[in-house]
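Chemist: Questions regarding the structure given below will be posed in turn.
No value in this document is a laboratory result; all are computed from the given coordinates. Everything numeric here is computed off the predicted structure, so don't read it as measured data. Please note: Cβ atoms are built from the backbone with ideal geometry, for glycine as well, and neighbour counts cover all protein chains shown.
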């Protein structure tokens, strides 16, 4: 791990060097070195308030580091962002294709009248890639949570991102839809070499996809493969209490640390 | 009452300059209100619009009292209101109560100003309910100039504003200046509201800004179609409302709101196509 982190010549999709984030006296994390290679899938785990969402904000350029450096390939315009599914007002005048279109150029000024034919082709392609063509013209608020999250994936991918930030995207989805959405993310990173940072309170739905884990607890953190990090010894050291990691078939269960797996998810925009 | 729908009287009145000015003002307003409306509805700002209109009334009443153009007074009042309201985030749990508190105070002030005003009483009434004669040619140029300014700014910020209005989490993540846009938009709404006050009066601005957009949202999920429909509905309501009000000499707003509400009812009735029920 240390050898890999000290190698500064390798610039991956994401590189954090000696990153520190603190609010006043409270240090969320310090000395964080993290390189994420193109196509790599990194799960970001940890209890509430451990700075997972703040890490997202740092990578998105919404939050400056207190110390250290952050590098994101292609700048923050080449980041795709997938939030958790949330209820959408059924009366909202917004179709699936509009939601996806925002991922392409929603941040640009003007009306966007020029180049709308090319835009439509790109949006159609992104919709087809996630199997959302059938309901692309329906009101977003009338779609199921799983259908909405597929649109979210299309929205994040339509801008051809080099880095994909996922903030609890599987939350409130049933297992079948969790599979659909995580498979879409997996396919993308393998096909296009997009690096994935996946914030989650539940590692099991994505465990087969995870290359490495970043586990944050109270300013302490560990980076490594699931086999390295998700052990009783490592997590006990992180939580500074006796934590038992139990493997049941293909699943990992963490016992003993309250709120290890049950913490409340929150959102990049909620803190504004 | 027998001249309620007197066609020849209506045609006669159309020959007057002030009536034509009113129609031009109405058409410009319909366009502005129709374009802003869908965003106002999406951002759930109906009550904020109402509050802004009440403060436009306060500004207008103050202008009457000191003897300057009502248009400028309404504009000043509603821009101040919009800035106040725009600084309150849509997430703020107490936004509604803050608007309520501000508008109640503003309305009270307006009542005081009107009480102190010793001029024509029709001017007082017109401020609340709209009056054909209240649009003079100076006001008309102010209205057209302000409308053009509103539309230019709206065109510049439309895409990120729309993004932030429907999808605030991802818009924030993509670097859209969500807070700034919401203040700018509140000011645009404030200007448009002040302009509407001159035609439909402070009490009934919602009939131009909210009702057409709400009606449009019942029949289409496409933001572009909803905007086009909202403009059409607002134009029909304001122009037909003005024409109908000519012969009986009833305040404009009575007919504008009636037409607007009728369109809304029809759209609600046919809006079932959007529902996914049974699919």
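Chemist: Under 8 Å for C-alpha pairs, at least 6 residues apart: give me the relative contact order for chain A, rounded to a whole percent.
Modeler: Details: 509 pairs, mean separation 68.4, N = 272.
Reported as a whole number, the value is 25 percent.
Chemist: Which of the peptides B:107-113, A:122-128 is most tightly packed, and how do the rest follow, going by the mean number of other Cβ atoms within 10 Å of each residue?
Modeler: Working: B:107-113: 17.7, A:122-128: 19.3.
Put in order of decreasing packing, that is A:122-128, B:107-113.
Chemist: Taking the radius of gyration and the Kirkwood hydrodynamic radius from Cα positions alone, what is the Rg/Rh ratio for the stretch B:21-120, to two decimal places? Write out the running numbers ahead of the final one.
Modeler: On the way: Rg = 14.7 Å, Rh = 14.5 Å.
A ratio of 1.02.
Chemist: If you take each beta carbon of peptide A:109-122 and count the beta carbons of other chains within 10 angstrom, what is the mean?
Modeler: 2
Chemist: Separate question: If I fit a long axis through the Cα atoms of helix A:145-157 and take the longest principal axis of the Cα atoms of chain A, what angle between them do I get, 0 to 90°, rounded to 10?
Modeler: 90 degrees
Chemist: Considering only DSSP beta bridges with both partners in the protein assembly as shown, what is the antiparallel share in %, to the nearest 5?
Modeler: Values: 23 of 41 bridges.
Expressed as a percentage, antiparallel bridges in the protein assembly as shown total about 55.
Chemist: Which value in deg cm²/dmol, rounded to the nearest 500, describes the helix-derived mean residue ellipticity at 222 nm for the protein assembly as shown, given -39,500 (n - 2.57) per DSSP H run of n ≥ 4 and division by the residue count? Kindly include the intermediate steps, with their values, before the conclusion.
Modeler: Numbers: 21 runs with 298 residues, N = 551.
Rounded to the nearest 500, it is -17500 deg cm²/dmol.
Chemist: Taking only C-alpha pairs under 8 Å that are 6+ residues apart, what is the relative contact order of the stretch B:7-271 in percent? The partial results should precede the final answer.
Modeler: Details: 439 pairs, mean separation 84.3, N = 265.
Worked out over the stretch B:7-271, it gives 32 percent.
Chemist: Related question: When only C-alpha pairs under 8 Å and at least 6 residues apart count, what is the relative contact order of the stretch B:1-124, in percent? Write down the numbers at each step before the final one.
Modeler: Details: 97 pairs, mean separation 30.3, N = 124.
Value for the stretch B:1-124: 24 percent.
Chemist: Quickly work out the residue A:183-to-residue B:224 label distance, labels modelled 7 Å from Cα along the C-beta direction, and quote it in nm with one decimal.
Modeler: Distance between label points: 3.3 nm.
Chemist: Just the number, please: percent antiparallel of the DSSP beta bridges in chain A, rounded to the nearest 5.
Modeler: Details: 23 of 41 bridges.
Bridges in chain A are about 55 percent antiparallel.
Chemist: How crowded by other chains is A:82-94, given as the mean number of beta carbons from other chains within 10 Å of each beta carbon? Could the numbers behind the result be given before it?
Modeler: Numbers: counts 2, 6, 1, 0, 1, 0, 2, 3, 3, 8, 8, 20, 10.
Mean partner shielding for this stretch: 5.
Chemist: Still on this structure, please answer the following. Please report the base-10 log of the normalised intensity I(q)/I(0) for the stretch B:7-271, using a Debye sum with one equal scatterer per alpha carbon and no solvent, at each q in 0.07 (1/Å).
Modeler: -0.23
Chemist: Provide a whole-number value for the mean count of partner chain Cβ atoms within 10 Å of the Cβ atoms in peptide B:216-224.
Modeler: Values: counts 1, 5, 2, 1, 3, 13, 7, 6, 4.
What the average comes to for B:216-224 is 5.
Chemist: Still on this structure: What is the ratio of the Cα radius of gyration of the stretch A:147-206 to 2.2 N^0.38 Å, with N the residue count, to two decimals? Mind showing how you got there, number by number?
Modeler: Numbers: Rg = 10.7 Å, N = 60, 2.2 N^0.38 = 10.4 Å.
Compared with the compact-globule rule of thumb, the stretch A:147-206 sits at 1.03.
Chemist: Per residue, how big is the convex hull around the C-alpha atoms of the protein assembly as shown? Give it to me in cubic angstrom, could you? Mind dumping the intermediate values first?
Modeler: Numbers: hull volume 94.5 nm³, N = 551.
Once divided by residue count, the hull of the protein assembly as shown is 172 Å³.
Chemist: Please give the peptides A:223-231, B:39-47, B:183-191 ranked by average Cβ packing (other Cβ atoms within 10 Å per residue), highest first, as a rough proxy for protection. Write down the numbers at each step before the final one.
Modeler: Values: A:223-231: 16.7, B:39-47: 20.8, B:183-191: 23.3.
Top of the packing list down: B:183-191, B:39-47, A:223-231.
Chemist: If you take the beta carbon distance between residue A:108 and residue A:190 as r and set R0 to 35 Å, what does 1/(1 + (r/R0)^6) give as a FRET efficiency, to the nearest 0.05?
Modeler: Working: r = 30 Å, r/R0 = 0.85.
For residue A:108 and residue A:190, the calculated efficiency is 0.75.
Chemist: Note the angle between two axes, namely the Cα long axis of helix A:175-192 and the longest principal axis of the Cα atoms of chain A, as a number of degrees from 0 to 90, rounded to the nearest 10.
Modeler: With rounding to tens, the tilt is 90 degrees.
Chemist: Computed over the Cα atoms of the stretch B:77-204, what is the ratio Rg over Rh, Rh following Kirkwood?
Modeler: 1.04
Chemist: Another question, then. Would you mind estimating how fast the stretch A:53-172 diffuses translationally, via Stokes-Einstein at 4 °C and 1.567 mPa s with the Kirkwood radius over Cα pairs, in µm²/s? List each step's numbers first, then the result.
Modeler: Details: Rh = 15.2 Å.
Estimated via Stokes-Einstein, D reaches 85 µm²/s.
Chemist: Set the Förster radius R0 to 22 Å, insert the Cβ-Cβ distance between residue B:93 and residue A:218 as r into 1/(1 + (r/R0)^6), and round the FRET efficiency to 0.05.
Modeler: Values: r = 30 Å, r/R0 = 1.37.
Taking R0 as 22 Å, the efficiency between residue B:93 and residue A:218 is 0.15.
Chemist: What ranking, highest mean first, results for peptides B:202-212, A:88-98, A:245-255 when packing means the other Cβ atoms within 10 Å averaged over each residue?
Modeler: Values: B:202-212: 27.5, A:88-98: 21.0, A:245-255: 12.0.
Per-residue Cβ counts within 10 Å, averaged per peptide and sorted highest first, yield B:202-212, A:88-98, A:245-255.
Chemist: Sticking with this one: So what's the angle, to the nearest 10 degrees on a 0 to 90 scale, between helix A:96-105 and the longest Cα principal axis of chain A?
Modeler: Compared with the principal axis, the helix lies near 70 degrees.
Chemist: Can you give the Rg/Rh ratio of chain A, where Rg is from the C-alpha atoms and Rh is the Kirkwood radius?
Modeler: Ratio of gyration radius to Kirkwood radius for chain A: 0.97.
Chemist: Could you state the principal axis extents of the C-alpha atoms in the stretch B:135-279, from the largest down, to the nearest angstrom?
Modeler: 54, 46, 21
Chemist: Mind giving me the FRET efficiency for residue B:137 and residue B:261? R0 is 35 Å, r the Cβ-Cβ distance, nearest 0.05 is fine. Show your work: numbers first, answer last.
Modeler: On the way: r = 31 Å, r/R0 = 0.89.
The computed FRET efficiency comes out at 0.65.
Chemist: Roughly how many nanometres apart are two label points built 7 Å out from the Cα toward the Cβ at residue A:67 and residue A:232?
Modeler: Label-label distance for residue A:67 and residue A:232, simple model: 3.6 nm.
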